[in-house]
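Engineer: My questions all concern the structure below.
The values are calculated or read from the model by the stated rules, or taken from the named source; none is laboratory data. Being a predicted model, the structure only gives us computed values, none of them experimental. Counting neighbours? That spans all protein chains shown, and the Cβs are built from the backbone with ideal geometry, glycine included. Protein only, heavy atoms only, side chains kept; ligands, DNA and RNA dropped before computing areas. Shrake-Rupley method; radii C 1.70, N 1.55, O 1.52, S 1.80 Å.
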Amino acid sequence: MSAIPSWTVLPVIALALAIVVGRWILVDDTAADRAINRALTWYVGALALYGAAAAIGWAEAAQRLYLGCSALACASLYGFTWLLNGGAAEAAPRRQRRYDSVAAVTALAVLVGPMELVTAVWVAWGLPVLVSGLLITRACVRELRTAGATTHEKVAYSALLIVALHWVLSAIIMTVRAICGTTPQNSGIPWIVLSTASFVLLAALIAVPLVIAIMVRTGWDRNGRACRRLQPLWKDLTAAVPEVVLRYERTDGRASASRLYRMTVEIGDALMHLRQFAPDDGSTRTDTIHAYAQRIAEAAELKRLGTPPSRTHHTRSTIRPPADDRSTELRNLLALSREWPRARAAAAMGKTV
């Protein structure tokens with residue numbers, strides 16, 4: 001194998017190692033996730049073992065270790081390809097065990113067999129790489145032609161399509177070079193650098209779900225930011241009407257989504273409850289978010305002071321802004337949260353904003 005420059009290998013290993021550790025911790029929910037994680041783990045192992053063996057002068061061992069781990073990575077890649085093209089997730093473990101068994105036998109042959117066998121195995125493993133690339137290419141083209149695909153999805157599938165086409169081209173060129181008498185191990189530095197660039201692009205794609213998972217865990221995703229903006233309004237209203245607080249149950253990994261849903265429901269219930277405490281001053285100040293915030297703050301203050309609820313609250317104008325769907329409701333509540341600090345302070349001093 002041509003000597004791989006350390007300035008190329010080390011950053012790639014560091015990047016891939018960080019991604020694979022993060023994915024095993026945060027992105028391991030589906031069969032496709034696990035197939036990606038296994039493939040990436042074996043490939044990182046291939047690079048690391050190759051670099052370590054080459055560094056101490058074991059050139060032949062470096063090649064064998066790299067090829068053995070790459071065969072196992074290829075098996076996981078083929079499993080992911082099968083899932084991407086409509087394979088049933090329930091059957092994935094059984095099929096993956098078959099792929100892994102073939103890859104393990106191949107890896108063992110690479111480790112202990114003669115170098116001629118190593119070359120033959122390397123060429124032979126170009127076939128599953130070629131098939132995987134073609135199947136992924138077909139899946140990407142299919143998704144790109146879908147009318148409802150978003151811009152982000154189109155960008156992701158376009159990048160994956162580039163990687164898949166590189167795999168197809170690599171397998172073809174490797175086979176042709178072998179037929180012409182050039183061993184696959186001597187692929188040349190330019191092609192190695194190109195392959196590394198392809199892997200970096202693939203690693204970036206694989207890292208996207210990890211970044212999203214980290215943002216969810218840290219509350220910096222869209223739902224998490226909305227929760228923080230609603231926090232002051234939610235805290236004051238649930239303190240005024242504590243009976244609306246729902247029992248908290250830990251659901252799935254999308255904690256911010258479930259928390260946002262719970263907060264909007266609790267705020268909505270509190271607003272409905274506070275209607276009976278709204279001051280009856282004959283005003284119809286309900287045409288703006290500014291007016292809604294004032295009436296909510298006044299009702300919450302009256303309840304805090306022990307004012308009994310009115311018996312005629314059903315005839316009064318609502319203090320909850322109208323909404324036809326949850327998206328509109330969330331926008332209204334976020335607008336209320338912006339007005340809330342001033343309205344609360346004014347109500348506490350007995351003033352009108």
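Engineer: Tell me which residues, restricted to region 45-69, are touching a residue at least 24 places away in the same chain (Cβ under 8 Å) and either at positive phi or in contact with a Phe, Trp or Tyr (Cβ under 7 Å, 6 or more places away or on another chain) (or both).
Structural biologist: ALA46, TYR50, ALA62, LEU65, TYR66, LEU67, CYS69, listed by residue number.
Engineer: Now for a separate question. Please find, among ALA204, ALA239, ALA226, the residue that is part of a helix (DSSP H, G or I), closer than 30 Å to ALA164 by Cβ and open to solvent by less than 80 Å² (accessible area, probe 1.4 Å). Give the derivation first.
Structural biologist: On the way: ALA239 fails: closer than 30 Å to ALA164 by Cβ; ALA226 fails: closer than 30 Å to ALA164 by Cβ.
Just a single option satisfies the conditions, and that option is ALA204.
Engineer: Could you list, in sequence order, all residues of region 153-191 that are over 21 Å from ALA124 (Cβ atoms), at pLDDT 75 or above and either aromatic (Phe, Trp, Tyr) or open to solvent by 80 Å² or more (accessible area, probe 1.4 Å) (or both)?
Structural biologist: GLU153, LYS154, VAL155, TYR157, ILE162, LEU165 - these are the residues of region 153-191 that are over 21 Å from ALA124 (Cβ atoms), at pLDDT 75 or above and either aromatic (Phe, Trp, Tyr) or open to solvent by 80 Å² or more (accessible area, probe 1.4 Å) (or both).
Engineer: Moving on. Is it fair to say GLU60 is in contact with a helix residue (DSSP H, G or I) (Cβ under 9 Å, 6 or more places away or on another chain) and either in a helix (DSSP H, G or I) or open to solvent by less than 30 Å² (accessible area, probe 1.4 Å) (or both)?
Structural biologist: On the way: in contact with a helix residue (DSSP H, G or I) (Cβ under 9 Å, 6 or more places away or on another chain): yes; either in a helix (DSSP H, G or I) or open to solvent by less than 30 Å² (accessible area, probe 1.4 Å) (or both): yes.
Yes; evaluated as a whole, the condition is true for this residue.
Engineer: Out of region 65-81, which residues are open to solvent by less than 60 Å² (accessible area, probe 1.4 Å), aromatic (Phe, Trp, Tyr) and over 21 Å from the mean Cα position of the chain (by Cα)?
Structural biologist: Passing the criteria: only TYR66.
Engineer: Any chance you could count how many residues in region 101-115 are closer than 10 Å to ALA71 by Cβ and free of Cβ contacts under 8 Å to residues at least 40 places away in the same chain?
Structural biologist: Adding up the residues that qualify gives 6.
Engineer: Could you figure out which of (1) at pLDDT below 90; (2) over 30 Å from ASP28 (Cβ atoms) isn't true of ARG250?
Structural biologist: Failed condition: (2).
Engineer: When you look at ALA92, is it more than 25 Å from SER198 (Cβ to Cβ) and in contact (Cβ under 8 Å) with a residue 60 or more places away in the chain, yes or no?
Structural biologist: Numbers: more than 25 Å from SER198 (Cβ to Cβ): yes; in contact (Cβ under 8 Å) with a residue 60 or more places away in the chain: yes.
So ALA92 passes the test.
Engineer: For region 116-131, enumerate the residues that are loosely packed, with under 15 Cβ neighbours inside 10 Å and in contact (Cβ under 8 Å) with a residue 24 or more places away in the chain. Lay out the reasoning, then the answer.
Structural biologist: The first filter runs over region 116-131 and keeps only residues loosely packed, with under 15 Cβ neighbours inside 10 Å, leaving 116-117, 124, 127.
Answer for region 116-131, where residues must be loosely packed, with under 15 Cβ neighbours inside 10 Å and in contact (Cβ under 8 Å) with a residue 24 or more places away in the chain: just LEU127.
Engineer: Among the residues of region 11-37, which ones are without any contact (Cβ under 8 Å) to a residue 12 or more places away in the chain and either open to solvent by less than 20 Å² (accessible area, probe 1.4 Å) or in a helix (DSSP H, G or I) (or both)? Let's see the steps before the verdict.
Structural biologist: The first filter runs over region 11-37 and keeps only residues without any contact (Cβ under 8 Å) to a residue 12 or more places away in the chain, leaving 11, 14, 18, 21, 25, 28, 34.
Of everything in region 11-37, those that are without any contact (Cβ under 8 Å) to a residue 12 or more places away in the chain and either open to solvent by less than 20 Å² (accessible area, probe 1.4 Å) or in a helix (DSSP H, G or I) (or both) turn out to be PRO11, ALA14, ALA18, VAL21, ILE25, ARG34.
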